[in-house]
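What follows is a short report on a single structure.
The values are calculated or read from the model by the stated rules, or taken from the named source; none is laboratory data. Please read all numbers here as calculations on a predicted model, not as lab measurements. Using ideal geometry, Cβ is built from the backbone for each residue, glycine included, and neighbour counts are taken over all protein chains shown.
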Amino acid sequence: MGKSVGITPNPSGFGASIVLESASLRSGNEVGQILDALHTYGVLYAYDQHLTDEELIGLASALAPIYVHPFHKLLGECPYPIVRLHTSARKRQVAADWHTDVSFSASPPSYGLMYGKTIPTCDSETSFIDMRAICRALPESMFNELISSGASHFLGTQGKIKREQLGDALYEYLCEQLPPVIHPAIRLYPPLDEPSLYVDLAHCNSIVNSEGAEKARLLKRVQSLIDASDQVFTFRWRPGAIVIWDQRCTLHRGSEKFLGEERLLLRIQMGSDAPESFVDMI
Ligand SMILES: [Fe+2]
C-alpha cells in the first residue's frame with residue numbers, strides 16, 4: 001500500500017487542494033486516490049511543485065493517456081504533450097469565455113492539467129464552474145427540455161479570437177475539417193453516473209431538439225444562467241502551482257487582468273471520450 005494523498009476540499013465542496021509528490025504517483029493506489037478526488041471535487045490544485053517537463057508528463061500520463069488534439073491529427077503532426085500558453089505584451093493567449101476544451105470535436109479530452117511556469121505579480125487567475133451543480137439547480141421544465149436536446153459546438157463560434165490565434169488560412173481549413181458537432185445538452189458524467197450540463201459560452205452556437213429544430217431562446221437562457229452562476233472556484237496562479245480539472249463536468253475561463261505582462265502556463269490534456277446522453281441512463 002502506498003501512502004495516502006492529502007486532500008482538502010474547498011468549503012464549497014467544489015475544488016480541493018492536494019499534497020502532490022511526483023514520486024508518489026508510481027503507486028496505483030495514489031493514482032486512484034487522485035482520480036477519485038478529481039471526480040468528486042471537479043478540480044484539484046497544488047502549490048510549490050516546481051516540476052520539470054518530464055515530471056509533468058509523468059504525472060499527467062499516470063492519470064490518463066495523453067490526448068492528441070484534433071488540430072495535430074489534421075496537420076499530421078506528432079505533438080509534444082506540453083502546450084505552452086504564452087501571453088505577453090504582443091501575444092494574447094487567454095480564453096476569457098466560459099468553455100470546455102475541444103468540445104467542438106467528437107471526442108474531447110477528459111482532463112486538463114496546467115502548470116504555472118512564469119506568473120505575473122498582479123492577479124492572474126483561472127476560474128472553474130461546476131456544471132453538475134448547475135444541472136442539479138436547473139428548473140425542472142428546463143431540465144426536461146434540455147435532456148432531450150443537443151448542443152451544437154463549433155470551432156467557428158469564436159471566429160474573431162480563433163482567426164487571430166491561428167491566422168486566416170489555417171482557421172478556415174480547420175473550420176472546414178471540423179464542422180459543428182452535436183453533443184447531448186445534458187451529458188452523462190461517467191465516473192459518477194450523474195448528469196452534467198454540457199453547454200458553454202465559447203463553442204456552442206445552437207441548441208436543437210431531437211427533430212433538429214433550433215431553440216435559440218433556450219440557448220440564451222442556459223448561457224445567461226451559466227454566466228450568472230456562483231458555483232465558481234477561482235484559482236490564483238503562483239509559480240510552480242498545478243491545477244488538474246475534469247473537462248466533462250466543469251467549464252473554465254482565464255482572467256484578463258494581467259494582460260500586457262508576461263505569463264507562461266504549460267498545459268497537458270489527457271483522456272478522451274465522446275459525450276453520452278444522460279437520458280439513456282434514466
Ligand atoms: Fe481552455
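Scoring A60 on the criteria (1) more than 16 Å from the ligand (Cβ to nearest atom); (2) hydrophobic (A, V, I, L, M, F, W, C); (3) buried (at least 17 other Cβ atoms within 10 Å of the Cβ) leaves a single failure, condition (1). Would you be able to say whether some residue in region 163-180 is under 30 Å from A133 (Cβ atoms), over 20 Å from the mean Cα position of the chain (by Cα) and not in a strand (DSSP E or B)? No - not one qualifying residue is present in region 163-180.
Select from region 215-241 the residues that are assigned to a loop (DSSP other than H, G, I, E, B) and among the acidic types (D, E) and list them in ascending order. Before the answer, list the steps.
Applying the first criterion (assigned to a loop (DSSP other than H, G, I, E, B)) to region 215-241 yields 215, 229-231, 237-241.
Answer for region 215-241, where residues must be assigned to a loop (DSSP other than H, G, I, E, B) and among the acidic types (D, E): just D230.
Yes or no, residue by residue, for (1) free of Cβ contacts under 8 Å to residues at least 12 places away in the same chain; (2) more than 16 Å from the ligand (Cβ to nearest atom):
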position	(1), (2)
S196	no, yes
C204	no, no
R217	yes, yes
L225	no, yes
W237	no, no
L259	no, yes
E262	no, yes
L265	no, no
F278	no, yes
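Looking only at region 124-144, filter to residues that are of a type outside the set (A, V, I, L, M, F, W, C) and under 21 Å from the mean Cα position of the chain (by Cα); which one of those is farthest from R236 (Cα to Cα)?
The extreme case among them is R136.
Counting only residues that are part of a helix (DSSP H, G or I) and touching a Leu at 6+ places or on another chain (Cβ under 9 Å), which one in region 145-155 is surrounded by the most Cβ atoms within 10 Å (Cβ to Cβ)?
Step one: of region 145-155, the residues part of a helix (DSSP H, G or I) are 145-147, 155.
Retained after the next criterion (residues that are touching a Leu at 6+ places or on another chain (Cβ under 9 Å)): 145-146, 155.
Details: E145: 19, L146: 27, L155: 25.
Looking at residues that are part of a helix (DSSP H, G or I) and touching a Leu at 6+ places or on another chain (Cβ under 9 Å), I get L146.
The set of residues in region 196-214 that are crowded, with 18+ Cβ neighbours inside 10 Å and outside any strand (DSSP E or B) comprises Y198, V199, D200, L201, A202, H203.
Return yes or no: is P120 over 24 Å from R238 (Cβ atoms) and either touching a Phe, Trp or Tyr at 6+ places or on another chain (Cβ under 7 Å) or within 16 Å of the ligand (Cβ to nearest atom) (or both)?
Numbers: over 24 Å from R238 (Cβ atoms): no; either touching a Phe, Trp or Tyr at 6+ places or on another chain (Cβ under 7 Å) or within 16 Å of the ligand (Cβ to nearest atom) (or both): yes.
The answer is no for P120.
Total residues in region 137-153 satisfying the condition of being touching a strand residue (DSSP E or B) at 6+ places or on another chain (Cβ under 8 Å) and away from the ligand (no atom under 16 Å from the Cβ): the figure is 8. When only residues in region 242-257 that are at pLDDT 95 or above and part of a loop (DSSP other than H, G, I, E, B) count, which is nearest to the ligand (Cβ to nearest atom)? So the residue we want is Q247. Scanning region 46-57 for residues that are at pLDDT 90 or above, closer than 20 Å to P81 by Cα and crowded, with 16+ Cβ neighbours inside 10 Å yields a total of 2. Picking from residues in region 95-115 that are over 10 Å from the mean Cα position of the chain (by Cα) and crowded, with 23+ Cβ neighbours inside 10 Å, the one that is nearest to the ligand (Cβ to nearest atom) is M114.
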